[in-house]
Amino acid sequence: MVCAHGGAAASVALAIPGWAGASLAAGLAALGLASAWSRALLRAPSSPKCLVLEDGKAAAELASGERLPVQARHVSRLMVTLAAGGGARRTLLVSADMLDRDSFRSLRVWALWGKLPGVAGKQLPA
């Protein structure tokens, strides 16, 4: 992300001579650093830090401590996408290799059925 913005800044500096090109190039480079900090490195206060599943409901906990309710949008063998509520329209993507096998299975079951997998309270006698 930073390299792409750096390449764009270098192209602008070459294409537009003088202080206008230099200032635009510096702005693009700064934009690349800012977007990498907030998006790729998840350092912004609005960045998701964890996903909380409890009582059939789910919420994404942000770095600021705020919780946004989430709803499942797409469930497959390899990923789950979640729509996060709140003021901004956001989508969270959780791929299979982001979690251990059992946690990802629990997330998929919740996303499909709205319940966490568990063991029945009383087992029938065999």
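Can you report the number of residues in region 82-108 which are loosely packed, with under 13 Cβ neighbours inside 10 Å and in a strand (DSSP E or B)?
Residues meeting the conditions: 3.
The rows are residues; the columns are (1) free of Cβ contacts under 8 Å to residues at least 60 places away in the same chain; (2) surrounded by 11 or more Cβ atoms within 10 Å (Cβ to Cβ); (3) closer than 22 Å to residue 102 by Cα; (4) touching a strand residue (DSSP E or B) at 6+ places or on another chain (Cβ under 7 Å).
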{"site": "43", "(1), (2), (3), (4)": "yes, yes, no, no"}
{"site": "49", "(1), (2), (3), (4)": "yes, yes, yes, yes"}
{"site": "52", "(1), (2), (3), (4)": "yes, yes, yes, yes"}
{"site": "55", "(1), (2), (3), (4)": "yes, no, yes, no"}
{"site": "58", "(1), (2), (3), (4)": "yes, yes, yes, yes"}
{"site": "61", "(1), (2), (3), (4)": "yes, yes, yes, yes"}
{"site": "68", "(1), (2), (3), (4)": "yes, yes, no, yes"}
{"site": "71", "(1), (2), (3), (4)": "yes, yes, yes, yes"}
{"site": "80", "(1), (2), (3), (4)": "yes, yes, yes, yes"}
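Check whether at least one residue in region 83-105 is in contact with a His (Cβ under 8 Å, 6 or more places away or on another chain) and at pLDDT 80 or above, and report yes or no.
So the first thing to find is which residues in region 83-105 are in contact with a His (Cβ under 8 Å, 6 or more places away or on another chain), and the list is none.
Looking through region 83-105, none of the residues is in contact with a His (Cβ under 8 Å, 6 or more places away or on another chain) and at pLDDT 80 or above.
Going through region 12-30 one residue at a time, which ones are loosely packed, with under 14 Cβ neighbours inside 10 Å and assigned to a helix (DSSP H, G or I)? First the steps, then the outcome.
Keep residues of region 12-30 that are loosely packed, with under 14 Cβ neighbours inside 10 Å, which gives 14-15, 17-20, 23, 26-27, 30.
14, 15, 19, 20, 23, 26, 27, 30 - these are the residues of region 12-30 that are loosely packed, with under 14 Cβ neighbours inside 10 Å and assigned to a helix (DSSP H, G or I).
Do the conditions hold for residue 9, that is, is it free of Cβ contacts under 8 Å to residues at least 40 places away in the same chain, surrounded by 13 or more Cβ atoms within 10 Å (Cβ to Cβ), in contact with a Leu (Cβ under 8 Å, 6 or more places away or on another chain) and outside any loop (DSSP other than H, G, I, E, B)?
Yes; evaluated as a whole, the condition is true for this residue.
Every residue, every condition in (1) β-branched (Val, Ile, Thr); (2) within 21 Å of residue 104 (Cβ to Cβ); (3) touching a Lys or Arg at 6+ places or on another chain (Cβ under 6 Å), yes or no:
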| site | (1), (2), (3) |
| --- | --- |
| 42 | no, yes, no |
| 48 | no, yes, no |
| 52 | yes, yes, no |
| 55 | no, yes, no |
| 58 | no, yes, no |
| 64 | no, no, no |
| 71 | no, yes, no |
| 79 | no, yes, no |
| 83 | no, yes, yes |
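The values are calculated or read from the model by the stated rules, or taken from the named source; none is laboratory data. Please read all numbers here as calculations on a predicted model, not as lab measurements. Reconstructed Cβ throughout: ideal geometry from the backbone, glycine too, with neighbour counts over all protein chains shown.
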